[in-house]
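Report on one structure; see the data block that follows.
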Amino acid sequence: MSEKNNSNNSNDRSSFSGKLGFVLAAAGSAVGLGNLWRFPYCVAQYGGGMFLLLYVILAVTFGFSLMVAEIAIGRKTRLSAIVAFDKLKPEYSFIGVLASLVPIIITPYYAVIGGWVLKFLWSYITLPASAVAATNENGMTLFSELISSPTEPIVWFLFFLGITIFIIAIGVEKGIEKSSKVLMPILVILIAVVAIYSCTLPNAINGIKYYLIPRSKDLSVKTVLSAMTQLFYSLSLAMGIMITYGSYMKKNINIETSVWQIEIFDTAIAFWAGLAIIPAVFACGNPTNDLKAGPTLMFIILPKLFATMKAGRIVAIVFFFLVFFAALTSSISLYETCVSIIQDKFKQKRTPSIVFTFFICIIIGFLSSLGYGPLSMITFLGMQFLDLFDFLSNSVLMPIVAFFTCIFVGYVIKPKAIIDEVESSGHEFTLKKLFTVVIKYVAPILIIIILIASLLQAFGKITM
Ligand code: PFF
């Protein structure tokens, strides 16, 4: 049934991701604000070196196994997540539904952060670097003024969202994806330059130590949870995206090596971003406060860093332009995912699905935009709206989806189904033993412990 629906819709459905080289397309989706904005503040907040160590361990075991599983499910069924589980075992179609909720929650607040990036780009175009970093007589920075304003974050959010929808509506995603092949390597080089500069500043050494040396006191359930959820976010896992990408993958491509390439590329970019920002916290900021700055960290520290640089304004313009571009390609693929979910699930045409997605974005995006300003008195479990949406998608839904995906692969369709799919390309699946153990035992147990602990903590039952 689902296959038929899907093929009915596919004429009407954009397939930009299918026509590109698989690794590039998947890496394009993976690399975005998660690497540049989210990773550095998570490392800062959750114990530096210990977070980094846990992240890498989880990436090579857990991230690897889950990504192989998702891509193989997609390639086996040739369907997007919302219908793929249904086709394999109708009783488990709920996994596809839960996975599909994730991009619907992330897309709007992603555009809010994209709007902040645009605001900084515009500020550097119109103001000297010292003015962007300055604090006014009321102790407000450009950033604190932005997020406390009742209108400005909304204007920039709508601007960013408008660009995303415009590109999708006129159907030039392919052009954008192509330019990202040129711009992404430039971004990598620029981040490396900024990171090296940041590491040479006085006092930066304390930041480098904080970032690279794991301390046992930082090992906690919270650190493991945040490393795990950051991994899902950054690699676009547990949200159905890799299933959809897998559904476009040719049979002769080696899934295992593709997954390594995506992981290495994605992790390297996040690593450099951390190396640009964390030492700068110690060199130009106030570590006691700034390490806990959360989602605002990048926007607090980078202006201070650029203000100390010789050609700071030019570097900042190029930097924020490239961050904007990375965010835009991810935002397009997120928005496109929401559109195809609505098309597949509710059997809608493309245009009404684009409009419907827009309305969801407006509601969640407005709340997220105003949550640090006029709506800051409204909090849930101590969180502002943007943090709440991030918590719900990353710390609740994604672990649940990942858990059921492991159970589904480990015990329902069995790991052999995935191994056979991987090996159908004619390449041996070298790490199939690791894959089987992680998917059947390690991952589900770890996720359940972490999920329960994080819920207990959110509701104030335990402190970690
Ligand atoms: N993985 C992206 C990032 O790290 O910014 C976020 C993302 C982009 C998730 C695109 C999903 C997606 F379809």
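The values are calculated or read from the model by the stated rules, or taken from the named source; none is laboratory data. Nothing here was measured: the structure is a model prediction, and the numbers come from that model. Neighbour counts run over all protein chains shown; Cβ positions are idealised from the backbone, glycine included.
Among the conditions (1) among the β-branched types (Val, Ile, Thr); (2) closer than 28 Å to Ser369 by Cα; (3) surrounded by fewer than 21 Cβ atoms within 10 Å (Cβ to Cβ), Ile269 misses just one, which is (3). When Phe324, Phe265, Phe306 are screened for being aromatic (Phe, Trp, Tyr), away from the ligand (no atom under 16 Å from the Cβ) and either within 17 Å of the chain's Cα centre (by Cα) or within 17 Å of Leu121 (Cβ to Cβ) (or both), only Phe306 passes.
Filtered by the rule that a residue be of a type in the set (Val, Ile, Thr) and under 10 Å from the mean Cα position of the chain (by Cα), region 228-257 gives a lone residue, Thr229.
For region 144-165: of the residues being hydrophobic (A, V, I, L, M, F, W, C) and more than 22 Å from the chain's Cα centre (by Cα), which is modelled with the highest pLDDT? Filtering first and then ranking leaves Val155.
Against the list (1) at pLDDT below 95; (2) buried (at least 24 other Cβ atoms within 10 Å of the Cβ), the condition Trp260 fails is (2).
Residues that are β-branched (Val, Ile, Thr) and under 18 Å from Leu231 (Cα atoms): does region 409-424 have at least one? Within region 409-424, not a single residue is β-branched (Val, Ile, Thr) and under 18 Å from Leu231 (Cα atoms). Within region 349-375, the set of residues being without any contact (Cβ under 8 Å) to a residue 60 or more places away in the chain and not in a helix (DSSP H, G or I) comprises Gly371, Leu375. Restricting attention to region 123-133, does a residue exist that is under 18 Å from Ser368 (Cα atoms) and either buried (at least 23 other Cβ atoms within 10 Å of the Cβ) or touching a Gly at 6+ places or on another chain (Cβ under 7 Å) (or both)? The answer is no, given that none of the residues of region 123-133 is under 18 Å from Ser368 (Cα atoms) and either buried (at least 23 other Cβ atoms within 10 Å of the Cβ) or touching a Gly at 6+ places or on another chain (Cβ under 7 Å) (or both).
The set of residues in region 215-231 being of a type outside the set (S, T, N, Q) and part of a helix (DSSP H, G or I) consists of Lys217, Asp218, Val221, Lys222, Val224, Leu225, Ala227, Met228, Leu231.
Of the helices (runs of 4 or more DSSP H) lying entirely inside region 277-348, those containing at least 1 residues that are closer than 16 Å to Gly114 by Cα span 297-308, 312-346.
Of all residues in region 232-262, those being more than 10 Å from the ligand (Cβ to nearest atom), assigned to a helix (DSSP H, G or I) and either among the aliphatic types (A, V, I, L, M) or without any contact (Cβ under 8 Å) to a residue 60 or more places away in the chain (or both) number 4.
Could you give me the residue pairs with C-beta distances under 6 Å whose first residue belongs to region 330-343 and is touching a residue at least 60 places away in the same chain (Cβ under 8 Å), whose second residue is among the acidic types (Asp, Glu) wherever it lies, and which are 6+ apart or on separate chains? Taking only residues 6 or more apart or on different chains, the pairs are Ile332/Glu173. For the residues Ser100, Ser144, Ser130, Ser179, the requirement of being within 22 Å of Leu305 (Cβ to Cβ) and in contact with a helix residue (DSSP H, G or I) (Cβ under 8 Å, 6 or more places away or on another chain) singles out Ser130. For Ser376, the test of being of a type outside the set (Lys, Arg) and more than 20 Å from Leu237 (Cα to Cα) is passed. Out of curiosity, is Ile354 farther than 22 Å from Val117 by Cβ and out of contact with any Gly (no Cβ under 7 Å at 6 or more places or on another chain)? Considered against the rule, which asks whether it is farther than 22 Å from Val117 by Cβ and out of contact with any Gly (no Cβ under 7 Å at 6 or more places or on another chain), Ile354 comes out as yes. Screening Phe404 with (1) hydrophobic (A, V, I, L, M, F, W, C); (2) surrounded by 17 or more Cβ atoms within 10 Å (Cβ to Cβ); (3) at pLDDT below 95 gives one miss only, at (3).
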